[in-house]
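Enquirer: Below is one structure. I have some questions about it.
The values are calculated or read from the model by the stated rules, or taken from the named source; none is laboratory data. Worth saying up front: this structure is predicted, and the values here are computed from it rather than measured. Here the Cβ positions follow ideal geometry from the backbone for every residue, glycine too, while neighbour counts run over all protein chains shown. Surface areas here come from the heavy atoms of the whole protein model, side chains and all, with no ligands, DNA or RNA. Shrake-Rupley method; radii C 1.70, N 1.55, O 1.52, S 1.80 Å.
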Amino acid sequence: MAVTRLTPEDVVASIAELPPMPASISEVISACDDQDMTVGQLSQVVLRDQSLTANILKLANSAFYGHARRVTTVTEAVVLLGFSAIKSLAISSHTARLLNRSLPGYGLQAGELWHHSMCVAFTARRVAVEVHLAPVEEAFVAGLLLDIGKTVLSSHLEGAFGEVMRVAAERHAPFHHIEAELLGFDHAELGARIAAKWSFPPELEEAIRFHHDPAQATLKPMLSHVVHVSDVACTMLGQGIGGDGLAYEVCPESLEALAFDQARMMRLMDEIAPMMDSGAFGID
Ligand SMILES: [Fe+2]
């Protein structure tokens, strides 16, 4: 099999090659965290970046934010959605450029991982509201970034996807276990390191690291459970899973932590099914 194990240095070098956060996005993120920022000032910061402005308006109008009336200006988006949602949308706008790519190492066509990540993000936000896990936007960002490590590992698995799938099916083992065996790292670990490089809080890093094994989380276990259940629900609906959906089952500890039974899981899948429309998250 044409797969070479990665050293910790290889991982650091691969992460360093990721495109940096553009200054316009960083400015919006800092502005959202600034207690003294007014709605008008934040809108001005957003408006400096045309594509970010367009993407924020598109995403703010996606049915999944649950606003009955159309959002037509950035100021309205800021008022209706709040500063932390604008921050999530700015992060989404940057990561879309990475997540939109085709990832042959995972059998994913262009756009598939972006769509899956957005489905998980909106589902995680919804579940966080339901179980009173604050801040809900943290669940959104964790859901959005959970598979970001695939954007780095895909090239290392390219040419071996068929073989990884065959071994995973033969052993009925999850894809990420075979990844870790072959490469020494799985996409969840890589994703956590990317989150650390982008200075996201440690609990968000943890939720990405343990999105396939949420029972291992210790800092903020509920966040990992919310993200895991949301990922499984979107995967079960068959959205953008590539090889990662193989042998991926819901962790019983997560169902217990959220007080979810099978019937609630089924209802959640019914609620999020409209997101499976392939045009639901089109952005520039
Ligand atoms: Fe994953």
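Enquirer: Please report, in debye to the nearest 20, how large the charge dipole of the chain is about its Cα centre when each Lys and Arg carries +1 at its beta carbon and each Asp and Glu carries -1 there.
Expert: Its charge dipole is roughly 640 debye.
Enquirer: Ok, one more. To the nearest 500 deg cm²/dmol, what mean residue ellipticity at 222 nm is calculated for the chain from DSSP H runs of n ≥ 4 alone, each contributing -39,500 (n - 2.57), summed and divided by the residues? Show your work: numbers first, answer last.
Expert: Values: 16 runs with 175 residues, N = 284.
Estimated from H runs of four or more residues: -18500 deg cm²/dmol.
Enquirer: Under a 1.4 Å probe, what is the accessible area of the chain per residue, stated in Å²? The partial results should precede the final answer.
Expert: Working: 11940 Å² over 284 residues.
Solvent-accessible surface per residue comes out at 42 Å².
Enquirer: At 0.36 nm per residue, minus the direct Cα-Cα distance, what do Arg48 and Asn100 gain on full extension? Give it in nm, one decimal, please. Before the final figure, lay out each step's value.
Expert: On the way: separation 52, 0.36 × 52 = 18.72 nm, distance 2.35 nm.
Full-extension gain reported as 16.4 nm.
Enquirer: Here is a further query. Once both labels are modelled 7 Å past Cα along the beta-carbon direction, what's the Arg70-Gln41 spacing in nm?
Expert: 3.2 nm
Enquirer: Take the residue pairs Lys150/Lys197; Lys58/Lys220; Lys58/Lys150; Lys150/Lys220 and return only those whose Cα atoms are more than 22 Å apart. The partial results should precede the final answer.
Expert: Numbers: Lys150/Lys197 16 Å; Lys58/Lys220 31 Å; Lys58/Lys150 26 Å; Lys150/Lys220 24 Å.
With Cα atoms farther than 22 Å apart: Lys58/Lys220; Lys58/Lys150; Lys150/Lys220.
Enquirer: Excluding same-chain residues fewer than 8 positions from Lys87, which aspartates and glutamates have a Cα within less than 13 Å of its Cα?
Expert: Reachable aspartates and glutamates: Glu27, Asp33, Asp34, Glu137, Glu138.
Enquirer: With a 1.4 Å probe and all protein chains kept in place, how much accessible area does His156 have, in Å² rounded to the nearest 10?
Expert: Looks like 60 Å² after rounding.
Enquirer: I need the calculated FRET efficiency for the pair Glu271 and Asn61, taking r as the beta carbon distance and R₀ as 22 Å, to the nearest 0.05. Provide the component values of the computation, followed by the final result.
Expert: Details: r = 19 Å, r/R0 = 0.87.
In this case the efficiency is close to 0.70.
Enquirer: Label-point separation (nm) for Thr218 and Glu249, each offset 7 Å from Cα along Cα-to-Cβ?
Expert: Once both label points are built, they end up 2.7 nm from each other.
Enquirer: Under the 0.36 nm per residue contour assumption, what length would be gained going from the current alpha-carbon distance of Thr7 and Gln262 to full extension?
Expert: Values: separation 255, 0.36 × 255 = 91.80 nm, distance 4.08 nm.
Residue separation times 0.36 nm, minus the Cα-Cα distance, leaves 87.7 nm.
Enquirer: Also, quick follow-up: Just want the answer: with Cβ charges of +1 for Lys and Arg and -1 for Asp and Glu, which residue in His177, Leu133, Ala77 is farthest toward the dipole's positive end in the chain?
Expert: Of His177, Leu133, Ala77, it is Ala77.
Enquirer: Sequence-distant or interchain residues sharing an amide H contact under 5 Å with Leu108, placed H: which?
Expert: Leu103
Enquirer: Now for a different question. Could you run the Karplus curve 6.51 cos²θ - 1.76 cosθ + 1.60 with θ = phi - 60° over segment 146-152 and give me ³J(HN,Hα) per residue in whole Hz, x for Gly and Pro?
Expert: Here the 3J(HN,Hα) series is 4, 9, 4, x, 5, 5, 8 Hz.
Enquirer: Of all the accessible heavy-atom surface of the chain, with the other protein chains kept in place and a 1.4 Å probe, what percent is carbon and sulfur?
Expert: Numbers: 6390 of 11940 Å².
Reported share for carbon and sulfur atoms: 54 percent.
Enquirer: Just the projected area, averaged over all directions, of the convex hull on the alpha carbon atoms of segment 18-98: how many nm²? Each step should come with its number before you reach the end.
Expert: Numbers: hull surface 20.1 nm².
Result: a mean projected hull area of 5.0 nm².
Enquirer: With every protein chain left in place and a probe of 1.4 Å, what is the accessible surface of Ile272, to the nearest 10 Å²?
Expert: In the full protein context, Ile272 sits at about 0 Å².
Enquirer: Provide the net charge surrounding Ala31, with neighbours chosen by a C-beta distance below 13 Å and charges set as Lys +1, Arg +1, Asp -1, Glu -1.
Expert: Working: positive: Arg48, Lys87; negative: Glu27, Asp33, Asp34, Asp36, Asp49.
Taking every Cβ under 13 Å from that of Ala31, the sum is -3.
Enquirer: Based on C-alpha coordinates, I'd like the Rg and Dmax of the chain, in Å.
Expert: 18.3, 58
Enquirer: Would you kindly find the accessible area of His67, with a 1.4 Å probe and non-protein molecules such as ligands, DNA and RNA excluded, rounding to the nearest 10 Å²?
Expert: In the full protein context, His67 sits at about 70 Å².
Enquirer: Helix 187-197 against the longest principal axis of the chain: what's the angle in degrees, Cα atoms only, rounded to the nearest 10?
Expert: Tilt of helix 187-197: around 40 degrees.
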